[in-house]
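The values are calculated or read from the model by the stated rules, or taken from the named source; none is laboratory data. Worth saying up front: this structure is predicted, and the values here are computed from it rather than measured. All Cβ positions, even for glycine, are placed from backbone atoms using ideal geometry, and neighbour counts span all protein chains on display.
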Amino acid sequence: MIRRHALALLASILMATPVLATESDGVTVGDDGLYKEPFFIDSFMEFKDDLAEAAKQDKYLMVIIEQDGCPYCRELHRVNFRKKEIVDYMNEHFMVVQLDLYGSRSTVDFDGAELEERQLAMKWGGVFTPTTIVFDKEKLDATNFREAEAFRLPGYLRPFHWQTSLEFVVSGAFKETDFQRYLGEKVKRLNEQGIEAEIWE
């Protein structure tokens with residue numbers, strides 16, 4: 001009986017203790033339960049200003065919507081973001097902000113609306129996690145997120161596809177064609193060069 005009470009007391013203490021940042025498979029987990037990366041910027045969540053800052057650095061603004069416990073978010077961090085070539089490319093061409101699907105931080109949308117994170121995520125159509133939205137550095141005069149948006153990925157892509165999606169934006173191909181066609185042409189081009197694309201890596 002004493003042992004049962006002791007276990008119950010320990011369980012109540014553990015449940016009452018706030019979760020601190022830990023390491024999971026070499027990836028840092030914040031106290032909000034989301035995986036963290038050193039290249040994420042500490043944003044005031046005023047996205048028109050963030051886009052202007054990104055453009056000043058000649059970069060696109062990337063917003064990644066995630067949630068605590070999301071297995072595909074975990075794969076994005078454990079697999080894709082552990083590849084140096086992907087991280088280097090992102091650092092060169094993108095300013096990255098993380099958005100919590102159920103977060104309560106204050107944000108300011110492109111249209112000036114002040115919303116909590118969770119409200120903004122829903123407004124932007126962030127139904128799946130991760131959802132990655134890239135905003136065009138040339139659309140500083142956009143009056144809403146749709147005008148500013150260049151490309152979005154609803155869900156997780158393996159490294160080859162993720163890297164290709166970044167190239168799709170940086171090359172400007174998103175203005176002229178769709179991603180599936182761009183991806184297919186890249187695979188075909190690699191095959192013609194005798195290079196086997198690591199599609200299922």
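Any chance you could count how many residues in the range 107-136 are part of a loop (DSSP other than H, G, I, E, B) and touching a Leu at 6+ places or on another chain (Cβ under 7 Å)? Lay out the reasoning, then the answer.
At the first step, the residues of the range 107-136 found to be part of a loop (DSSP other than H, G, I, E, B) are 109-113, 124-130, 136.
Retained after the next criterion (residues that are touching a Leu at 6+ places or on another chain (Cβ under 7 Å)): 109, 126, 129-130.
Matching residues across the range 107-136 total 4.
Residues that are surrounded by 15 or more Cβ atoms within 10 Å (Cβ to Cβ), modelled with pLDDT of 95 or more, closer than 16 Å to Lys48 by Cα and among the charged types (D, E, K, R): does the range 117-126 have at least one?
Yes: one or more hits.
Since Gln180 meets every condition but one in (1) over 20 Å from Glu92 (Cα atoms); (2) polar (S, T, N, Q); (3) surrounded by 18 or more Cβ atoms within 10 Å (Cβ to Cβ), which condition does it not meet?
(3)
If you go through the range 132-145 one residue at a time, do you hit one that is closer than 22 Å to Asp68 by Cα and either charged (D, E, K, R) or touching an Asp or Glu at 6+ places or on another chain (Cβ under 8 Å) (or both)?
Checked against the condition, which is being closer than 22 Å to Asp68 by Cα and either charged (D, E, K, R) or touching an Asp or Glu at 6+ places or on another chain (Cβ under 8 Å) (or both), the range 132-145 yields at least one hit.
Name the helices (runs of 4 or more DSSP H) wholly inside the range 19-106 in which the number of residues that are modelled with pLDDT of 95 or more and within 19 Å of Gly126 (Cβ to Cβ) is 2 or more.
Correct list: 47-56, 71-78.
Could you check the range 58-78 and list, in sequence order, the residues that are within 13 Å of the chain's Cα centre (by Cα) and free of Cβ contacts under 8 Å to residues at least 24 places away in the same chain?
If the condition is that a residue be within 13 Å of the chain's Cα centre (by Cα) and free of Cβ contacts under 8 Å to residues at least 24 places away in the same chain, then no residue fits.
If the Cβ limit is 7 Å and pairs must be 6+ apart or interchain, which residue in the range 25-54 that is over 14 Å from Gly112 (Cα atoms) pairs with which residue that is buried (at least 16 other Cβ atoms within 10 Å of the Cβ) and polar (S, T, N, Q)?
Qualifying pairs under 7 Å: Leu34/Gln98; Phe40/Gln98.
Consider Gly103 carefully, then state whether it is surrounded by fewer than 17 Cβ atoms within 10 Å (Cβ to Cβ), more than 25 Å from Glu167 (Cβ to Cβ), out of contact with any Leu (no Cβ under 7 Å at 6 or more places or on another chain) and touching a residue at least 24 places away in the same chain (Cβ under 8 Å).
no
Which pairs do you get when a residue that is over 24 Å from Asn80 (Cβ atoms), found in the range 109-131, comes within reach of a residue that is of a type in the set (Phe, Trp, Tyr), reach meaning Cβ atoms under 8 angstrom, with the pair 6+ apart or on two chains?
Here the result reads Asp109/Phe47; Asp109/Phe145; Phe110/Phe47; Phe110/Phe145; Asp111/Phe145; Arg118/Tyr102; Lys123/Phe145, each pair linking the range 109-131 to a residue that is of a type in the set (Phe, Trp, Tyr).
State all residues of the range 151-172 that are assigned to a strand (DSSP E or B) and under 22 Å from Ile195 (Cα atoms); if no residue qualifies, say none.
Matches in the range 151-172: none.
Residues being among the polar types (S, T, N, Q) and closer than 13 Å to Phe47 by Cα: count how many of those fall in the range 90-131.
3
Within the bounds of the range 155-175, is there any residue that is among the small types (Gly, Ala, Ser), free of Cβ contacts under 8 Å to residues at least 60 places away in the same chain and surrounded by 17 or more Cβ atoms within 10 Å (Cβ to Cβ)?
For the range 155-175, residues among the small types (Gly, Ala, Ser), free of Cβ contacts under 8 Å to residues at least 60 places away in the same chain and surrounded by 17 or more Cβ atoms within 10 Å (Cβ to Cβ): present.
Those residues that are in a loop (DSSP other than H, G, I, E, B) and buried (at least 16 other Cβ atoms within 10 Å of the Cβ), I need them from the range 137-150; list them, please.
Matches in the range 137-150: Lys137, Lys139, Ala142.
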